[in-house]
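See below for the structure under consideration.
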Amino acid sequence: MSQIVENRINEIYEQVVRRNPGEAEFHQAVKEVIETLGVVLARHPEYLDQKLIERICEPERQIIFRVPWVDDAGEIHINRGFRVQFSSALGPYKGGLRFHPSVYLGIIKFLGFEQIFKNALTGMPIGGAKGGSDFDPKGKSDNEIMRFCQSFMTELHRHLGEYIDVPAGDIGVGGREIGYLFGQYKRLTNRYEAGVLTGKGMSYGGSLVRREATGYGLAFFMKEMLATRGQDFAGKRCLVSGSGNVAIYAIEKVHELGGKVIACSDSNGVIYDENGINIETVKRLKEVERRRISDYKEFHPNADYRANGNIWEIPCDVALPCATQNELNEASAIKLLNNGCMAVAEGANMPTTPAAIKLFREAKILYGPGKATNAGGVATSALEMQQNACRDSWNFDFTETKLEGIMQGIHASCFETAAEYGFPGDYLIGANIAGFRKVADAMIPLGLI
Ligand code: NDP
């Protein structure tokens with residue numbers, strides 16, 4: 001990388017930090033992308049002249065709003081709602097909503113920024129956005145969740161539309177929440193606009209495979225990564241952190257592909273089952289009864305529960321972080337490498353800290369960044385939009401085959417781009433450059449947007 005390009009990248013990063021104070025996760029996400037773009041900028045100086053990185057780092061629109069709601073005891077609560085519409089160069093804004101007490105602008109911006117490149121990698125016509133609230137759904141009754149969702153949508157609806165902005169779920173926002181949000185959107189607009197939200201239930205315009213898509217897609221991507229080293233899942237010991245939507249369906253597909261997931265977790269602890277995690281038990285606990293993963297032992301007494309444990313200390317071949325950002329740090333990466341882990345792919349967004357990523361890349365194990373490996377969810381959301389647009393509904397096998405084809409395509413695009421720019425096997429560089437180029441090449445002909 002020439003000194004001029006390196007200086008420009010440093011200046012851009014410093015400007016992002018200055019203009020977005022206190023948003024550590026957003027700074028981290030920007031840095032992780034732009035520091036890999038030197039080679040592409042050296043080859044395409046027009047991207048620098050057009051100030052494309054500076055433009056992409058500045059959201060097109062940021063919406064912050066009050067969400068008042070009343071709990072079952074009649075007490076009033078005030079939460080804060082966010083929607084950051086980052087980029088619409090490739091299509092309507094698209095990205096999930098997160099309800100979690102840790103949510104603030106910096107988290108929504110890091111997620112929205114990642115979403116731009118992820119959505120570009122799918123090859124589908126979707127821009128990038130993210131939203132959410134610092135509302136904590138844990139321990140709330142169904143009625144409280146409904147009232148919160150209705151209040152949230154009462155403000156957000158004026159910024160949405162199937163050709164404008166199409167949210168979906170993320171942490172704390174699953175099928176139940178999407179249902180309440182869609183119901184309120186329909187009341188407020190008097191439009192049955194199915195394509196305005198994805199992750200909908202099957203009784204009102206959802207798509208088969210959407211629920212499974214992120215986890216399944218992650219397993220499909222890992223299958224492709226392993227194949228580049230002449231390997232497959234057969235007999236591989238795998239760790240999957242989390243036990244939410246992404247984790248559950250990653251475990252299910254890894255088992256189908258011949259791997260054995262021996263541990264998963266939630267924010268209280270880790271469950272380790274040498275016989276292989278029983279996915280039906282996890283689904284019952286998490287999807288139906290909304291209980292803690294510690295209760296797994298009730299059904300499988302031989303499993304080991306480690307309160308506040310670190311899942312990455314368990315020896316494995318394959319690690320799939322599927323819980324939350326920065327959950328896999330440098331110390332955990334050292335443990336994984338010392339225990340012989342040969343592949344890591346991210347189900348969550350930015351779950352691996354920069355220091356841990358550095359170790360994986362230096363060790364030359366397979367490392368798949370989330371913007372590529374977890375793109376199956378948003379890709380299937382785009383398939384849901386397609387079905388809604390043509391008033392159609394596809395069967396499970398057809399949709400799953402499409403998902404697998406999309407994941408193979410993303411893998412090929414990252415793998416080939418990395419090789420083209422002189423970094424064979426480096427999926428981080430491949431994903432960042434391939435995603436960035438798709439967005440940049442769409443922006444230039446649109447004029448100064
Ligand atoms: P869920 O809310 O369904 O599950 C999240 C899981 O992660 C839960 O088991 C939760 O445990 C655990 N978790 C959350 N926060 C923490 C924390 N601070 N420490 C430890 N564990 C934690 O969310 P999803 O499965 O939908 O999302 C998981 C990740 O995947 C997120 O990073 C999300 O952005 C990303 N993602 C999701 C997609 C989707 O389609 N759903 C698409 C692409 C990416 P607990 O219940 O105890 O909080």
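Points worth noting:
- Pairwise label distance in nanometres, residue 268 with residue 189, each label 7 Å out on the Cα-Cβ vector: 3.9 nm
- Sites residue 64 and residue 234 - FRET efficiency at Förster radius 60 Å, r taken between beta-carbons, to 0.05: 0.75
- Most fluctuating residue given options 38, 172, 131, as computed from a GNM of the chain linking Cα atoms under 10 Å: 38
- Gaussian network model of the chain, springs between alpha carbon atoms under 10 Å - residue of 102, 393, 332 with greatest fluctuation: 102
- Unsatisfied cross-links (Cα-Cα over 30 Å) in the set 286/364; 118/140; 200/223; 140/223; 260/358; 236/297: 286/364; 118/140; 140/223
- The chain - Rg over Rh from alpha carbon coordinates, Kirkwood radius: 0.95
- Extension gain from residue 334 to residue 416, taking 0.36 nm per residue of separation minus the Cα-Cα distance: 26.7 nm
- The length gained on full extension between residue 75 and residue 46, counted as 0.36 nm times the residue separation minus their Cα-Cα distance, comes to 4.8 nm.
- DSSP beta bridge pairing in the chain, given as percent antiparallel to the nearest 5: 60 percent
- Charge dipole of the range 207-322 about the Cα centre (unit charges at C-beta), most positive-ward option of 209, 300, 279: 209
- In this Cβ point-charge picture (+1 for Lys and Arg, -1 for Asp and Glu), the range 214-364 has a dipole of about 180 debye about its Cα centre.
- Across the range 214-364, Cα-Cα pairs more than 28 Å apart make up 11 percent of the total.
- Cα centroid of the range 185-256 to Cα centroid of the range 305-382, whole Å: 17 Å
- Those trypsin sites (Lys or Arg not before Pro) in the range 216-257 that DSSP places in a loop and that have at most 13 other beta carbons within 10 Å: 229
- Residue among 217, 235, 132 with the largest mean-square fluctuation in a Gaussian network model of the chain, springs linking Cα atoms under 10 Å: 235
- Rounded to the nearest 20 debye, dipole of the range 59-192 from Cβ charges on Lys, Arg, Asp, Glu: 340 debye
- Residue-averaged [θ]222 nm for the chain, counting only DSSP H segments that reach four residues, each worth -39500 (n - 2.57): -14500 deg cm²/dmol
- Since only 367, 398, 34 are under comparison, the one whose Cα sits farthest along the positive direction of the charge dipole of the chain, derived from C-beta charges on Lys, Arg, Asp and Glu, is 398.
- Listed peptides 156-162, 190-196, 114-120 by packing density, highest first (mean Cβ within 10 Å): 114-120, 156-162, 190-196
- Between residue 176 and residue 448, the simple label model (points 7 Å from Cα in the Cβ direction) yields a spacing of 5.0 nm.
- Estimated FRET transfer efficiency when R0 is 30 angstrom, pair residue 155-residue 55 (beta carbons, to 0.05): 0.65
- In this calculation the C-beta distance from residue 361 to residue 287 is compared with R0 = 35 Å, giving a FRET efficiency of 0.50.
- Stokes-Einstein D in µm²/s, Kirkwood radius over Cα pairs - the range 353-449 at 20 °C with 1.002 mPa s viscosity: 140 µm²/s
- About its Cα centre, the dipole of the chain is roughly 560 debye, where the only charges are +1 on Lys and Arg Cβ and -1 on Asp and Glu Cβ.
- DSSP-defined beta bridges in the range 214-364 - what % are antiparallel, rounded to 5: 45 percent
- Percent of Cα pairs exceeding the 18 Å cut-off, where the set is the range 59-192: 51 percent
- Expected-Rg normalisation [2.2 N^0.38 Å, Cα atoms] applied to the range 177-293: 1.28
We did not get these values from a lab; they are worked out from the coordinates using the rules stated. Note that the structure is predicted; figures quoted are calculated from it, not measured. Quick reminder, even Gly has a Cβ in these numbers, built from the backbone with ideal geometry, and neighbours come from all protein chains shown.
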